1. Please identify, among A:PHE162, A:PHE90, A:PHE11, the residue showing maximal mean-square fluctuation in a Gaussian network model of chain A using a 10 angstrom Cα cutoff.
2. Am I reading the B/A interface right? What is its buried accessible area, both sides, 1.4 Å probe, to the nearest 100 Å²?
3. What number comes out for accessible area per residue over region B:2-249 if the probe is 1.4 Å? Units Å², please.
4. Please report the spacing between the Cα centers of region A:116-144 and region A:7-51 in Å, no decimals.
5. Taking a ≥ b ≥ c as the square roots of the Cα gyration tensor eigenvalues, with a/c under 1.5 meaning rounded and otherwise prolate when a/b beats b/c, else oblate, which class fits region A:37-173?
6. Pick from A:GLY39, A:GLY81, A:GLY13 the residue whose mean-square fluctuation is largest in a GNM of chain A, springs joining Cα atoms under 10 Å.
7. If I compute solvent accessible area with a 1.4 Å probe over the protein chains, what percent of it on the protein assembly as shown is carbon and sulfur?
8. Measure nothing fancy, just the Cα-based angle from helix B:214-249's long axis to the longest principal axis of chain B, in degrees from 0 to 90, nearest 10.
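The values are calculated or read from the model by the stated rules, or taken from the named source; none is laboratory data. Model, not experiment: these values are computed from the prediction. Every residue, glycine among them, receives a Cβ derived from its backbone with ideal geometry; neighbour counts consider all protein chains shown. Surface areas here come from the heavy atoms of the whole protein model, side chains and all, with no ligands, DNA or RNA. Shrake-Rupley method; radii C 1.70, N 1.55, O 1.52, S 1.80 Å.
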Amino acid sequence: MIKYTNIKKSFSGRTVLNDISFSVAEGEIVFILGTSGTGKSVLLKNTVGLMKPDSGEILFQGTDIVQLNEEQLLEIRKQCGMIFQHPALFDSLTVRENLAFGLKRLKKLNDDDIEQLIKQSLEDVNLSLDILEKKPSEISYGMQKRVSIARTLAIHPQVLLFDEPTTGLDPVTTTAINQLIYTLSRKHKITSIVVSHDMGCAIDIADKIIVLDKGNIIEQGSVTEVQKSQVPLVKDFMLEVSNDIS
Amino acid sequence: MKILAVAGDFTHLLVMSFRSMFSPPWRWKNKMAALYFVAVESLPVIIICVGFAAVVTIIEASYHMKIVIQSDALVPGFAAILILRELGSVISSLLLGSRVGAGWAAEVSSMKVTEQIDALKLLGISPIQYLVGPKLLACILGNIVLGVIANIACLFFAMLISVFKLGYTSGMFLTTMRVFVNFQDLLFAMIKSACFGATIPLIACFCGFRAKSGADGVGKATTDAVVGISVAIIFLDFILSYIFSHFYAS
């Protein structure tokens, strides 16, 4: 479904992504792990054209998105939802307006259908309807994150990109969001690419794990393959999981 | 090379922003909110400041004219020219730039830092159309209105100080003023206000869009915006005054 080939990206002479190549199949959950500053979020933003790689191609269902202009990217973005590191909700709008915002533009639905989708998407992330008239600043950070996911789910994307979706959340909400990613993938056949530091979660729900370090892929494969890796950084991640369990 | 890239980015923002003013979606709610923020909420501070500027101008002009030509009879006329050609539009625009420009630069830069700008793009909404377009229209229209009100306020305060401090009657002030200024001066003041008004959201949003991450990035973007707006207004004032001087001469 998505194929990255020889992606390179640098900022002010500093290489952030160096010759990255891998592919993501339909309905797959792919976790991209790595320490901070290794280019994970940059890779995700390249996927939806928020950034352009210096070289390489990103094929989305056969279309090279690197070559597309903003207008053409809109068609790709209608199929891709991205959950950012920050909740990225619009401060001046209520939760209801935030949820309806993309629907009006991308789906061109009538008000009744929009209202239906808003309620459905809030239910999907286990939030009650009484927050609909509140501003983002009036609800907790965890709730904001879930509203952000609901806003993305409402447009029914085929691909979901999660940029550290559980950062700053409590363990209960973290588990709920990980479970949500799993359910969406298995039940709705949504392809998910998740950027994370959480190897434990990756082991639980990923189909494929990719480990980045200093802009290079140092390990990739199924959960079992990565668990057997002898790469020092990957072993460190595994050790962290073992410590968490014990 | 970097300067060329920055100039290119700014030109792109300028063209796209003006285009967005004349293309749907119209977002009247956003435009009205921006207009209220610009025109209504800025009005008190602008009237107070231009009023005091007018008072100082009259007192200083009178003092120096009395020393040089032993008469301040021309003060109302000169003050009226100075107010209509410079003070009314420049001071009100500089104040508006500080107040509104800082607010918008902080708003856009914090949206950039918290990835709201990226979220807009993903939802298929042009950040320029959504954020800059309404502000640009509001600031052009708002600053024209504010400029006219500032000029009226300036002249009113100038007349008051002339009556109470210099001993002229209001009739004498208005008669002398009428000899020196005409409708063309007010028209040029409105053109200046429109140009200065356009400068404010363009520079504020440009700095906001280029903000680096963190609170530091938001602070720097806001500072850059206020400095940039002030310098641009003063530079534009020079250009426009130079152009208008050819019309005054004829």
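1. Maximum among the listed residues: A:PHE11.
2. Numbers: alone 12740 and 11790 Å², together 22880 Å².
Separately minus together, B and A give about 1700 Å² buried.
3. 47 Å²
4. 30 Å
5. Working: a/c = 2.36, a/b = 1.43, b/c = 1.65.
Note, shape of region A:37-173 comes out oblate.
6. A:GLY13
7. On the way: 14170 of 22880 Å².
Of the solvent-accessible surface of the protein assembly as shown, carbon and sulfur hold 62 percent.
8. 40 degrees
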